[in-house]
Amino acid sequence: MERRTFVRNSALMAGGIFISKMDAFADIASGVIKIGIIGCGDRGKGIMHVINQSPDKFSITAICDVLDFRLAEAEKLCKVSPPNKYLDYRLLLEDKSVDAVIVAVPLHLHYPIAVDVLKADRHLYLEKTMTYNIDQALKLVELSKTRPTQVLQVGHQYRYSPLYYRVKEMIAKGYLGDITQIECRWDRNANWRRPVPAPGLERQINWRMYKEYSGGLVAELLSHQIDFINWAFDTHPHEIFATGGIDVFKDGRETYDNVQVMLRYEGKNSMIGNFGATCGNSRDGYLFKIKGTLGTVSLLSDEGVFYPEKKMLQNKELVDGVTGATKIIWNKEGGTPILTEATKDGTWYAFNEFYQCVQTKRLPDSNVFTGARTAISVHLANAALYDKKPALWKDNYNVV
Amino acid sequence: MEKYLNIKKVCAGMFLVSICLAVIASVPARPPLKKYHIEGYSEGTTYQVTYFAPDSVIAQRQTDSLLAVLDEAVSLYQPTSQICKFNRSASGMEVNASFRILVSKALEINRATNGLVDITVKPLVDAWGFGVKKPRRYPNDVEVRALVKNVGADKVWLEGNYLHKKTPAVQIDLNGIAQGYAADLLANFCERRHVFNYIAEIGGELRIKGHQPDGEPFKIGIESIESNDITPQPLRTIIQPSDGAITTSGNYRKHLEAGGKQIAHIMNPKTGYPTQNEMISVTVWAKDGITADGFDNGFIAMGLKHTLQFLDSRTDMGAYIIYKKANGAIADTATVGFKSFMRN
């Protein structure tokens, strides 16, 4: 392995039969983890909804946001008991009722808050992208290494779904053949803004529009797919080309609303990744295709289809019928579903993993090392995009 | 005179020939057979019928509804099906003709296989994660022993169209035999339409009759045994079977994994545990699908030696078996009758 990546050998991978995890062989100490939430925006509240589904695993004991109305909204989501509320996250970190902290704040704050959480001896679930820049990613890796008993999981939740584990396995087993092309989109026909109750809050609420706080569409959306490719192939982009602009919404934003990034991967799998996002068309929405000499995988967040290359079906044309156990069902387009049923939201699986990692002090699959690799990839993509020149991976980015 | 007579004979002969020719010419030539193909979806899988006839005499809506009726009787995926109602019932219920035929045949095969084919395995199938509802964990020894108490052919019996169960906990699963029977229904439908050259396939179980219009026998591929359950598999071998049914049962796909062990989907009704032996796949030929499909899972549970013994003296059934040798190598074998189908 090029770097530290971990493959889970679980029922999830055995064919994706069990969408709800079957944990007959897991040996997990019982206990509810007391959670503090830093950042109660849409994502923070979204996570609260998900962990509220597992009262046997999590209890939200403290919440923090710099905006009063966000705190009030989040408080309503704490059904069991009223949480302690904070406007300053450092006070939440002093709260003894908190075992683990979920950080869902604007990107530029990820690093300083993550450092404080770790130094406060708490486990950390840190939203993606892990850090705002490369230097912070490398520093967070070093800090995390000195605190091996504290869990740091990065919120690339999509790949926690059994579907994405299954696709990783299919890639590893060579079902797709030699893979050379990745195609991704994450499009919308909307301005990607949140409503602002008072003009003075524009930059705080619409932080994604401003370079000072955000990595734009690449960091907030495409990072999930970039991360999956890094993880599934145990690789990283070696060379990145990009173009983009503010083409749809000339509304004072700084981050581009129309981007296209080309990633060149070298090594065992030499591939081209073509990642794009726009705010000016929603036809494709989320698109994620992985193309190999034997077939294509086409993914949504909760379902996927495998399309074998036509040549794979040729030998069937020599016969009048085929007998076999457990027949593969092909749809009209010549594809077959990767899993037999749609998965739950990735966040559900991600927090299942977070719970188990905290209980067993295990390194999560989406950890500080893979998180750094993706954060660096994202930063390089943005460097190529905004500096208008190719960006190259450097040896000192290889974190172990 | 003689010559004259001869001339008369020749004339008479020519006359007869010309009459014969006229008669032959007046009989219309048999129209050429054309190939027709139907593809549909039933019993959670796809089915197809390829047939050769002068005209299109079978419509997909007919085959769809034929199979839908069977689905309504024996599908475990339809909560309103007769089988689901039976499984929920306390002591049994009236069942329809297809249901009765399937149960009656399954009970007959149960006796023939000394209990290795058993439709009452449903609680085990569910417990081991192959049913409609997925369990949260695998059963332990105590739970398996408890489940086995409700398994056994003596737990269900037919009285006319009434299917009885001994205790409310008894539940049946006809998935191991229903697809073969569905192929029979498709085949019978063809023959009722005077189609005698066809291949009917559902979920990898086939009924075959006749040949190609040029007299070539139908070729049937047997899938290779890759455990990969998503990519199209190369064919392991091609056979040219006699009229009848070809079905395959195998442990190579649709298995789960726990603690590094593979869990096969075919249950041993006696132990309550998934089958675990040298058998990888069995392809069975028999006169009809209900028989071939009814026996194939049983052969997996029976193991190689006993299956070959069982089929040794039979001419009404044959099998092609892929198995794992003691040294781990994959090997195959076939009964004498089945070998005659193999061309390569």
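Every read-out reported here was derived from the displayed coordinates using simple, explicitly stated rules and does not represent laboratory data. Every value quoted in this text rests on a predicted model; they were computed, and no experiment measured them. Cβ placement follows ideal geometry from the backbone for every residue including glycine, while neighbour counts extend to all protein chains displayed.
Miscellaneous remarks
- Each of A:Thr370, A:Asn382, A:Tyr286 was placed along the dipole of chain A (beta-carbon charges, centred on the mean Cα), and the one lying farthest toward the positive end is A:Thr370.
- Residue (of B:Ile202, B:Gly115, B:Gln48) at the positive-pole extreme of chain B, dipole from beta-carbon charges: B:Gly115
- In terms of overall dimensions, the C-alpha atoms belonging to the range A:249-400 reach 61, 45, 36 Å along their principal axes, ordered largest to smallest.
- Counts of other chain beta carbons within 10 angstrom of each beta carbon in peptide B:125-132 average 1.
- Considering only Cα atoms, the convex hull volume of chain A works out to 145 Å³ per residue.
- Each Cα pair under 8 Å and six or more residues apart adds its sequence gap; the mean of these over the residue count of the range A:39-88 is a relative contact order of 40 percent.
- Considering only the range B:34-339, percent of DSSP beta bridges that pair antiparallel, nearest 5: 100
- Within-11-Å neighbourhood charge of A:Ala350 [Cβ basis; K, R +1; D, E -1]: -1
- Basic side chains Lys and Arg get +1 at the Cβ, acidic Asp and Glu get -1 at the Cβ, and with that the dipole of the protein assembly as shown about its Cα centre reaches some 580 debye.
- The packing ranking of peptides B:147-153, A:172-178, highest mean first, is B:147-153, A:172-178, where packing means the average number of other beta carbon atoms within 10 angstrom of each residue.
- Placing +1 on each Lys and Arg Cβ and -1 on each Asp and Glu Cβ, with no other charges, gives the range B:277-333 a dipole about its Cα centre of roughly 200 debye.
- Remark: relative contact order (chain B) = 15 percent; criterion is Cα-Cα distance under 8 angstrom and separation of 6 or more residues.
- Helical segments meeting 15 Å axial Cα length and Kyte-Doolittle 0.5 threshold in chain B (DSSP H): B:2-26, B:289-302
- Size of electric dipole in the range B:34-339: Cβ of Lys, Arg +1 and of Asp, Glu -1, about Cα centre, debye, nearest 20: 740
- For the protein assembly as shown, the Kirkwood estimate of hydrodynamic radius, built from reciprocal distances between every pair of different alpha carbons, is 29.7 Å.
- Among B:Met342, B:Asn150, A:Leu118 - extreme Cα towards positive end, dipole of the protein assembly as shown, charges at beta-carbon: B:Met342
- Relative contact order (percent, whole number), chain A, Cα cutoff 8 Å, 6+ residue spacing: 21
- Panel values: chain B, Kirkwood radius from alpha carbon pairs, Stokes-Einstein at 10 °C and 1.306 mPa s, translational diffusion coefficient 71 µm²/s.
- Taken residue by residue and averaged, Cβ atoms of other chains lying within 10 Å of the Cβ of B:217-224 number 5.
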